[in-house]
Structures are given as C-alpha cells and as structure tokens.
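The values are calculated or read from the model by the stated rules, or taken from the named source; none is laboratory data. The structure displayed is predicted, hence computed values, not measured ones. In this analysis, Cβ positions are derived from the backbone assuming ideal geometry, glycine residues included, and neighbour counts consider all displayed protein chains. With ligands, DNA and RNA removed, areas are computed over all heavy atoms of the protein, side chains included. Shrake-Rupley method; radii C 1.70, N 1.55, O 1.52, S 1.80 Å.
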Amino acid sequence: MTAAVKRVTVLGSTGSIGVSTLDVVARHPDRFELFALAGNRSVETLFEQCLARQPRYAVMADADSAEALSAKLAAAGSETAVLAGEAGLVEVSAHPEVDTVMAAIVGAAGLEPTLAAARAGKTVLLANKEALVMAGHLFMAAVAEHGARLLPIDSEHNAIFQCLPAADDGTVGMAGVSKILLTASGGPFREWSAAQMAAATPDEACAHPNWSMGRKISVDSATLMNKGLELVEACWLFDVGADAIEVVVHPQSIIHSMVQYVDGSVLAQLGNPDMRTPIAHALGWPERIGSGVAELDIIDIGRLDFERPDVARFPCLSLARQAVQQGGVAMAQLNAANEVAVAAFLDRRLGFTGIPELIENVLERAESAEPTSLDVVKQADLRARELAQELLADAQVG
Ligand code: NAD
Ligand code: MG
C-alpha cells in the first residue's frame with residue numbers, strides 16, 4: 001500500500017537547504033507534491049524552479065520581485081500563482097491543504113511563517129534555527145498547543161533525534177540519557193591562531209572544509225556561533241538545560257552528534273556530510289526513503305578524531321551558553337546581534353574577531369525581559385539590532 005501523497009511547502013527554496021530539499025522531493029514523485037516554493041528576491045532562480053516543479057504557489061519577499069516573477073511565469077504559460085511578502089509566506093505555510101513545511105529561510109525573516117506553520121498544526125521540518133533561538137518558548141508552546149510535529153533538519157539535531165529514545169507516537173524523550181554530545185567540525189579556522197583569525201576575509205570564512213552552505217551559516221561555522229545557536233536550538237528541541245550538552249569538535253563531520261546513556265552506552269548517527277540525509281529522514285519520517293547520498297565507506301574514512309573546543313579563540317560558544325543561562329530575551333538578542341555582526345563582516349565593515357566582541361557588547365547593554373509575546377521578542381530583536389548598528393558606527397573597524 002502506498003502512503004498518501006504529502007503536500008509540501010518549501011520556504012527558502014532557492015537556498016542551499018531548499019535546493020537539496022527539491023532534489024530529495026524529486027526522487028519520490030509518488031510521495032510528495034510541491035505546493036509552494038518561496039525565495040527572497042532571486043526571480044530568475046524561482047522562475048526556473050517553478051517551470052521545472054510546477055508548484056501551486058510561488059512567494060517572493062517583495063511586491064516588485066513578485067510582479068516580475070508573475071509576468072515571466074504568465075509569458076511562459078505557467079499556472080503557478082505568485083504571492084508576496086510575509087503575508088504570502090504565512091499563507092503558504094498555514095494553508096489547509098499543506099501537510100509539511102520545510103522552514104529553510106535564513107535568519108529572523110523565517111520566524112513568522114515558521115510559527116504560522118506550527119500554529120496550523122503542520123509537520124514542520126526545521127532548518128531555520130534562528131527562528132527557534134529567537135522565540136523558542138513561544139515556538140515550542142505553539143507546537144504543543146496545536147499538535148504540530150517538529151522534525152529537526154540541522155544535521156546534529158537530526159542525529160540526536162535519531163539517537164534519543166522514542167515513545168510509540170514517535171516523540172523523543174530524555175529517559176536514561178545522561179548527556180548530549182553535540183559535534184562541531186571546528187570550521188575553517190580550527191587550527192588558525194587568534195592573530196590569523198583577526199585578518200580573515202569573508203571568502204576564507206566561507207570556505208568550509210566539509211559542508212557547502214549559505215554565506216551566513218558559513219560565517220557562523222567559522223566563529224562557532226553556529227554551534228552556539230545549535231546549543232540553544234538543542235535546549236528547546238529536547239527540553240534540556242545547557243549543562244546537559246557538551247560540544248565536541250570532530251573535524252571529519254562523519255558523526256553528526258551522539259547521545260550518552262546512564263549505562264555507559266553512547267549512540268551516534270554517522271553519514272557523509274550531505275544535508276540530503278537529514279532532509280530525507282525528516283521528509284520520509286517515520287519511514288526511511290532514499291536521499292541520493294552516497295553510502296558511507298567507513299574503511300575509506302579510516303579514522304575519527306575528537307577534541308575539546310577552544311573557547312578562548314571561539315568566544316561565541318560561551319556567549320551562547322551565557323544567553324541560555326540568562327534566559328528571557330537574551331537568546332533573541334544574541335541572534336540579532338550575530339546577524340548584524342555577520343552581515344557587517346561579509347560587507348567588510350567589521351573584522352572577523354570583531355564579531356564576538358560586538359555581540360558581547362550588545363548583550364552587556366541590552367535590557368532583559370520575559371518573552372511573553374511575539375511582540376516582546378520582536379522588540380528585543382529590533383533593539384539589539386539598533387544597539388549593534390550604533391556600536392558598529394562608533395567602532396574603529398575595517
Ligand atoms: P541560504 O542563504 O543558501 O538560503 C536562504 C534562503 O532563504 C534562500 O532561499 C533565500 O531566498 C531565503 N530568504 C532569505 N531572506 C529571506 C526573506 N527575507 N524572505 C524570504 N526568503 C528569504 O541559506 P542555507 O544555507 O540554505 O540555510 C537556510 C537555513 O538553514 C539557515 O537558518 C541555516 O542556519 C539552516 N541550516 C543550513 C544548513 C546548510 O547546510 N546549508 C545546515 C543546517 C542548518
Ligand atoms: Mg548543524
């Protein structure tokens with residue numbers, strides 16, 4: 001018997017995760033139907049995706065891009081309808097005919113549509129870690145209240161999900177677990193001195209040794225803020241404190257994370273570093289489906305190395321831990337300051353080691369508050385961005 005076809009919305013279809021998602025979906029036309037694709041302003045890429053995949057809807061971030069896409073699609077005889085802006089993203093995320101939403105927009109821009117999918121009780125495949133870091137409390141409450149199913153796409157969290165004990169309904173818990181071991185590749189600067197890192201360029205920071213990713217997450221991997229954000233993400237996803245999570249540097253990126261049990265057992269998930277594995281795991285869940293990823297040749301890999309992270313050279317890791325311990329809107333402020341710092345670094349307005357300095361300064365100055373509503377979170381996010389911009393304008397950087 002074949003399972004019912006799942007209708008899928010892909011938020012961020014033109015990005016790295018989005019393209020990998022379309023690749024996996026195309027391997028299983030009997031299982032998945034693309035309902036909507038959404039990108040930012042890359043009209044040409046979304047146009048080509050629409051012609052090839054024929055989704056019911058396409059969404060662009062602004063009205064001008066939407067108009068341009070709409071005209072091109074009409075001229076090509078396509079029946080895909082084009083929507084614009086946050087309202088369009090929310091519509092295709094919460095639409096009653098949609099089963100599964102791949103949340104793969106980068107940064108805070110993904111929060112509203114991802115939250116809308118949770119509130120509509122969808123199966124949410126979460127790549128957009130920033131949404132959870134910003135508003136974890138509200139997000140997890142929406143998932144519980146509306147019966148949504150949250151499946152992690154981040155390779156580490158997907159690995160942890162696979163290694164945790166599961167109940168009959170598929171939800172995972174922490175029974176018998178003593179510790180989560182969150183693995184990190186260490187990024188391109190794992191062996192660089194602090195002085196070398198101070199002079200690092202955007203292209204050097206984006207040259208990740210194992211993964212091919214968007215530029216923002218690539219810089220996060222170089223500062224280890226990606227691991228910091230993932231620490232926060234794991235706390236929310238698995239309902240544990242930061243003390244239950246140890247970061248382990250594993251340069252080969254073959255083990256994607258581990259779970260340690262009270263009896264001394266450690267379970268790990270291994271695989272080639274290709275995001276189509278966690279994407280296929282979550283798309284097919286609870287079944288296993290093909291992903292197109294080559295089989296792991298463990299003999300060829302030969303060895304797996306592990307080391308402790310160096311928090312002196314990579315202070316972002318400690319900043320994230322502090323933000324979890326502080327609670328309230330500190331995690332939203334951490335994320336906002338990081339987004340501004342990374343954008344400034346990519347624009348060559350801030351040096352690489354200026355990234356953690358700027359974030360630390362913002363966190364010291366930002367006011368604390370309880371994240372009681374989305375408005376409170378958005379205000380804290382906005383204020384942290386303003387503070388970061390003010391500090392950037394004052395700083396002698398470049
Ligand atoms: P990317 O930069 O390649 O793609 C980002 C996507 O978001 C693009 O489709 C872009 O058009 C869209 N987008 C950006 N701003 C938007 C806006 N304002 N409105 C609508 N759409 C917008 O990034 P990526 O590497 O695919 O990462 C996406 C998310 O997945 C990030 O949150 C990242 O942390 C997470 N993630 C990525 C990887 C990876 O291997 N690439 C791994 C784990 C987690
Ligand atoms: Mg990851």
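Residue-by-condition table, conditions (1) within 22 Å of the chain's Cα centre (by Cα); (2) of a type outside the set (D, E, K, R):
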residue: E287; (1), (2): no, no
residue: E295; (1), (2): no, no
residue: D300; (1), (2): no, no
residue: R303; (1), (2): no, no
residue: E307; (1), (2): no, no
residue: G328; (1), (2): yes, yes
residue: N335; (1), (2): yes, yes
residue: G351; (1), (2): no, yes
residue: G354; (1), (2): no, yes
*Residues D381, D305: which one is in the same structural domain as G241 (by TED's automatic domain parsing) and touching a residue at least 12 places away in the same chain (Cβ under 8 Å)?*
D305
*Could you check, for segment 289-303, whether at least one of its residues is within 16 Å of ligand 1 (Cβ to nearest atom), over 21 Å from W192 (Cα atoms), part of a loop (DSSP other than H, G, I, E, B) and charged (D, E, K, R)?*
no
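How many of the residues making up segment 338-361 are assigned to a helix (DSSP H, G or I) and farther than 14 Å from M134 by Cβ?
To start, the set of residues in segment 338-361 that are assigned to a helix (DSSP H, G or I) comprises 338-346, 354-361.
Now restrict to residues that are farther than 14 Å from M134 by Cβ: 341-346, 354-361.
Residues meeting the conditions: 14.
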_Of all residues making up segment 325-337, the number that are buried (at least 23 other Cβ atoms within 10 Å of the Cβ) and either assigned to a helix (DSSP H, G or I) or on the phi > 0 side of the Ramachandran plot (or both)_ = 8
*Only one of these conditions is not met by F139: (1) surrounded by 22 or more Cβ atoms within 10 Å (Cβ to Cβ); (2) within 13 Å of ligand 1 (Cβ to nearest atom); (3) within 18 Å of A104 (Cα to Cα). Which number is it?*
(2)
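For every residue, the table says whether it meets (1) of a type in the set (V, I, T); (2) within 16 Å of ligand 2 (Cβ to nearest atom).
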site	(1), (2)
H95	no, no
T114	yes, no
L126	no, yes
K129	no, yes
I153	yes, yes
M174	no, no
S178	no, no
*Taking only pairs six or more apart or across chains, which ones have beta-carbon atoms under 8 Å, a first residue in segment 13-27 that is part of a helix (DSSP H, G or I), and a second residue that is basic (K, R) and surrounded by 20 or more Cβ atoms within 10 Å (Cβ to Cβ)?*
S20/R276; D23/R276; V24/R276
_Exactly one condition in (1) more than 26 Å from E112 (Cβ to Cβ); (2) out of contact with any Leu (no Cβ under 8 Å at 6 or more places or on another chain) is false for G328; which is it?_
(1)
*Set V397, V362: member being at pLDDT 95 or above, surrounded by 13 or more Cβ atoms within 10 Å (Cβ to Cβ) and among the β-branched types (V, I, T)*: V362
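Could we say that E91 is closer than 26 Å to A142 by Cβ and assigned to a helix (DSSP H, G or I) here? Let's see the steps before the verdict.
Working: closer than 26 Å to A142 by Cβ: yes; assigned to a helix (DSSP H, G or I): yes.
Yes.
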*Pick out the one residue from V133, V90 that is under 24 Å from the mean Cα position of the chain (by Cα) and either basic (K, R) or open to solvent by less than 20 Å² (accessible area, probe 1.4 Å) (or both).*
V133
_The one condition in (1) within 16 Å of ligand 1 (Cβ to nearest atom); (2) touching a residue at least 12 places away in the same chain (Cβ under 8 Å) that F238 fails to fulfil_ = (1)
_Which pairs turn up if I take residues in segment 30-50 that are of a type in the set (S, T, Y) and look for partners that are more than 16 Å from ligand 2 (Cβ to nearest atom) with beta carbon separation below 7 Å, at least 6 apart in sequence or on another chain?_
S42/T14; T45/T14; T45/G39
_Every residue from segment 117-136 that is in a loop (DSSP other than H, G, I, E, B) and within 14 Å of ligand 1 (Cβ to nearest atom)_ = A127, N128
*Say we look at segment 65-116 and pick out the residues that are within 15 Å of H146 (Cα to Cα) and without any contact (Cβ under 8 Å) to a residue 40 or more places away in the chain; which of these is farthest from ligand 1 (Cβ to nearest atom)?*
P96
*Check every one of the strands (runs of 3 or more DSSP E) wholly within segment 159-272 and list those with 3 or more residues that are touching a strand residue (DSSP E or B) at 6+ places or on another chain (Cβ under 6 Å) and open to solvent by 60 Å² or more (accessible area, probe 1.4 Å).*
266-270
